[in-house]
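Here, each number is a calculation from the coordinates, and none is a lab measurement. These figures come from a predicted structure and were not determined experimentally. Please note: Cβ atoms are built from the backbone with ideal geometry, for glycine as well, and neighbour counts cover all protein chains shown.
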Amino acid sequence: MASKEQREQFKLYKEDVERRGKQFYPYAMFHDTVMSFVVVSVIAALAAVWYFTAEETAGEAGVLGPRYAEPADPATTSFVPRPDWYFYFLFYLLRIFKWPESVILGTVGIPTILMMLLFALPFLDRRRERRIVRRPVAVVVALMVIASMGILTYKGATAEEPSATSGEALLVGNDMPTDDEQVVAGADLFAKVGCLNCHAYGSQGADGPGPDVSEVGDQGKGEEYWVQWIRNPQSLKPGTSMPAFPNLTDEQLQNLAVFLEASKSGGGGG
């Protein structure tokens, strides 16, 4: 049952409506419906302008951009994916939590916690005071959130991605000899299949989420281990974020294994 205070507040609301304005239903709801229709109509009109002004030829832009981009190449191994601009903050947050054990925290944990707090805020803070000068805590929190989102978005937009490089450049950059054809072939394949999108090797590659493999040969795991690891990482470490490469041939896997086993401190000198 409604309390005495709630009944008094409702009575004041009814009196105020009769004295100064109209009820929420149906007047305000009608206005919201009309505004929603206007927004949807604008979106549909923009979509029509984009569709009918752009050429069907790939790359020929219209008023609002091209209808089609260049066809995707399923065989590419050097493509570096990037998110849309409104996901740049999450994109850079993933770079901060680059270790495999913390990826779930950066991609799911923190955004989920913040969304839950946002939804809970109207139920937690029920004070009637809405003047900004009287709510310093809320203002500081809001400014911190806006600043954090802005900085992360900027950092994500300007983050440099690893570029494709040759296997010989990888070896030279890590002070490794280039006279072994199998090692060079493995290094070249390492650069082409996208390993540098997750791993660092010398001065090349990304800072994560995978570890630096410049001196991974010091672990002494052996070539057979690396062949199995690249072919199916889950068989050796269930739950790992390392993707499998089942399409690589046995020769390619062996070349990669030789390259990784040769990647040791001191320029591969053992």
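If I take R0 = 22 Å and measure r between the Cβ atoms of Ser148 and Thr112 in this structure, what FRET efficiency does the formula 1/(1 + (r/R0)^6) give, to the nearest 0.05? Mind showing how you got there, number by number?
Numbers: r = 16 Å, r/R0 = 0.73.
Calculated transfer efficiency: 0.85.
Would you work out which of Val183, Gly210, Pro238 lies farthest towards the positive end of the dipole of the range 167-268? Charges go on Cβ: Lys and Arg +1, Asp and Glu -1.
Pro238
Excluding residues fewer than 8 places away in the same chain, name every one of the lysines whose C-alpha is closer than 23 Å to that of Lys221.
Lys237, Lys264
Which value in nm describes the separation of the simple spin-label points at Arg127 and Val172, placed 7 Å from the Cα toward the beta carbon?
6.5 nm
More than 15 Å apart: what percent of Cα pairs in the range 78-161 qualify? Show your work: numbers first, answer last.
Details: 2364 of 3486 pairs.
Percent of Cα pairs beyond 15 Å in the range 78-161: 68.
Assuming a viscosity of 0.890 mPa s and a temperature of 25 °C, what translational diffusion coefficient in µm² per second does Stokes-Einstein assign to the range 167-268, Rh being the Kirkwood radius over Cα pairs?
Taking Rh from Cα pairs, D becomes 183 µm²/s.
Among the lysines, which fall within straight-line cross-link reach of Lys4, defined as a Cα-Cα distance under 23 Å, with same-chain neighbours fewer than 8 residues apart omitted?
Lys14
Could you rank the peptides 35-42, 121-128, 181-188 by their average count of other C-beta atoms within 10 Å per residue, with the highest value first?
Final packing ranking: 181-188, 35-42, 121-128.
Given 0.36 nm per residue, what is the gain on full extension from Phe87 to Phe30 after removing their alpha carbon distance, in nm? All intermediate terms of the calculation are to be shown ahead of the outcome.
On the way: separation 57, 0.36 × 57 = 20.52 nm, distance 3.44 nm.
So the chain would gain 17.1 nm between Phe87 and Phe30.
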